Every structure is written in C-alpha cells, then in structure tokens.
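Q: One structure is given below, represented as structure tokens, and several questions about it will come after.
The values are calculated or read from the model by the stated rules, or taken from the named source; none is laboratory data. This structure is a prediction, so every number in the text was calculated from the model and none was measured. Backbone-built Cβ (ideal geometry, glycine too); neighbour counts: all protein chains shown.
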Amino acid sequence: MENIENLNIDITKIKAVVISHDHWDHWGGLWELLKRKKGIMVYACPHFGREFKERVKELQGALIEVDKSKEISKNIFVSGEIPGAYHGRYMPEQALIIKTKNGITVITGCAHPGIVKMVRIIKEKFLRERIYLVFGGFHLKEEDRRAIEIVTERFKEMDVQKVGPTHCSGKEAERIFKNKYGKDFIPIKVGETLDV
C-alpha cells in the first residue's frame, strides 16, 4: 500500500489483480488492498494453496481460477496455469500477457516452470504474434553463466525482441542479457512506466 500511495494510484480504479504464483512475496500486499476495496477480481492458478484461496474469499475478493489461457480485458490475457517446481514441490505459475501493435509483452513473476518453457507455451498460443518484450522474474540467480547464456540463445531463437530480467533473475543474468540484447535490454525499476 505504501508503494501504491507513493505512486498516486487510485485504488478505486483497480478492477483486477493477477497473482503469478503462491509465494508470500508475490501476494503479501494483496490482503491490505482487498481490505480497502472489496470485490476486486483476483486471477490465480487452480493449484494455489487452500489457505490463499480462503483468504481471498474471506476478504471478499472475487477469486477466478484460470487453468488455460484467458482474455481478462481487451488485449490483456493470463497464460493459465503452467506446471513448475520449487525446492522439489509443485509450483504452478501464470504470466500476464499484453497484446499491442508491437506484438505481445509477457510479464512473469518468478518463472518457476522455467522462463524458456513459459515463453514457448505462450508463443504457441499466440502463433501470429511476435514476442515484443519479456520482463519480470526469470529465476536464474542460482544458475551458472553457461545455463544463462543458453536461455539468452533460446530467447533469440524465439525472436524475443526486448528483455527486462529482474527480481529473482540475478545480477549475472541481467549482465548476460544486457550483453546479448544491447539497446533492447530494459532495466526494470520500481515505479517506472513502460510503453509496450
């Protein structure tokens, strides 16, 4: 809520929230938002935990569980649940997708299923669209240099135009992506607005 207030965001205009995956650092601020504005649509994966789902309902959020790709507003989609794992446990995740004249922009939370896997699945659903930008968490901070280089190569093969790894991507991944993408690397900063 502090960030929302610092950015002068009017919460009465918030209609929906998309939660990428069931980790506290991705939904922790949701509870206060739901306390202040009832009825917000909360898009989640069907296999999120019972505790998360019950809390959304308790705070009068409108829980919408999405298993397949779905348009949630004009030219704005969620990918639907993509299977992944974290520390040996099932960790489903979804991405937010925005379709514009430039192509599609994919926004990830942490990419626990694997960033390449997520982008491939999304690309298959939007066959006629080029991937203009992928940004968010790529979950590469524990990977070695060669593994990260392979991810950048796969991105180039899929013709991803611009990238913005942040959050759990790690500094090494940011450096490698910046070297590979040059002017098409976008540093992601809190409070910044991106024109996609």
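Q: Out of 39, 80, which single residue is at pLDDT 95 or above, over 21 Å from the mean Cα position of the chain (by Cα), part of a loop (DSSP other than H, G, I, E, B) and not charged (D, E, K, R)?
A: 39
Q: If only one of 119, 56 is out of contact with any His (no Cβ under 8 Å at 6 or more places or on another chain), within 26 Å of residue 193 (Cβ to Cβ) and surrounded by 17 or more Cβ atoms within 10 Å (Cβ to Cβ), which one is it?
A: So the residue among 119, 56 that is out of contact with any His (no Cβ under 8 Å at 6 or more places or on another chain), within 26 Å of residue 193 (Cβ to Cβ) and surrounded by 17 or more Cβ atoms within 10 Å (Cβ to Cβ) is 119.
Q: Please verify whether residue 106 is more than 16 Å from residue 44 (Cα to Cα) and not in a strand (DSSP E or B), treating the condition exactly as stated.
A: No.
Q: Ok, one more. Given the options 142, 93, 149, name the one that is charged (D, E, K, R) and within 18 Å of residue 17 (Cβ to Cβ).
A: Only one candidate qualifies: 93.
Q: Based on what the data block shows, is residue 8 in a loop (DSSP other than H, G, I, E, B), modelled with pLDDT under 95 and loosely packed, with under 15 Cβ neighbours inside 10 Å?
A: Here the answer is yes, as residue 8 does meet what is asked.
Q: What residue, among those in the stretch 14-28 that are in contact with a helix residue (DSSP H, G or I) (Cβ under 8 Å, 6 or more places away or on another chain) and part of a loop (DSSP other than H, G, I, E, B), is nearest to residue 135 (Cα to Cα)?
A: The selected residue is 20.
Q: Could you list all residues from the stretch 8-29 that are in contact with a Phe, Trp or Tyr (Cβ under 8 Å, 6 or more places away or on another chain) and of a type in the set (A, V, I, L, M, F, W, C)?
A: Listed by number, the residues that qualify are 16, 17, 18, 19, 27.
Q: Follow-up question, since we're still on this one. Hey, among the residues in the stretch 133-161 that are touching a Leu at 6+ places or on another chain (Cβ under 7 Å) and buried (at least 20 other Cβ atoms within 10 Å of the Cβ), which one's nearest to residue 108 (Cα to Cα)?
A: Among them, the one singled out is 151.
Q: I want to confirm something. Restricting to the stretch 95-135 and keeping residues that are touching a helix residue (DSSP H, G or I) at 6+ places or on another chain (Cβ under 7 Å) and touching a residue at least 60 places away in the same chain (Cβ under 8 Å), which single residue is nearest to residue 171 (Cα to Cα)?
A: Looking at the filtered set, the residue picked out is 110.
Q: For the stretch 86-108, name all the residues that are out of contact with any Asp or Glu (no Cβ under 8 Å at 6 or more places or on another chain), closer than 18 Å to residue 50 by Cα and of a type outside the set (Phe, Trp, Tyr).
A: Matches in the stretch 86-108: 89 only.
For every residue, the table says whether it meets (1) on the phi > 0 side of the Ramachandran plot; (2) of a type in the set (A, V, I, L, M, F, W, C); (3) loosely packed, with under 15 Cβ neighbours inside 10 Å; (4) touching a Phe, Trp or Tyr at 6+ places or on another chain (Cβ under 7 Å).
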| residue | (1), (2), (3), (4) |
| --- | --- |
| 84 | no, no, no, no |
| 93 | no, no, no, no |
| 101 | no, no, yes, no |
| 106 | no, yes, no, no |
| 109 | no, no, no, no |
| 131 | no, yes, no, no |
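Q: Okay, moving on. Cβ-Cβ distance below 6 Å, separation of 6 or more or different chains: which pairs start in the stretch 50-65 with a residue that is in contact (Cβ under 8 Å) with a residue 24 or more places away in the chain and end on one that is assigned to a helix (DSSP H, G or I) and of a type in the set (A, V, I, L, M, F, W, C)?
A: Here the result reads 59/34; 61/34, each pair linking the stretch 50-65 to a residue that is assigned to a helix (DSSP H, G or I) and of a type in the set (A, V, I, L, M, F, W, C).
Q: Against the condition among the hydroxyl-bearing types (Ser, Thr, Tyr), touching a helix residue (DSSP H, G or I) at 6+ places or on another chain (Cβ under 8 Å) and more than 17 Å from residue 154 (Cα to Cα), how does residue 69 come out, does it pass?
A: yes
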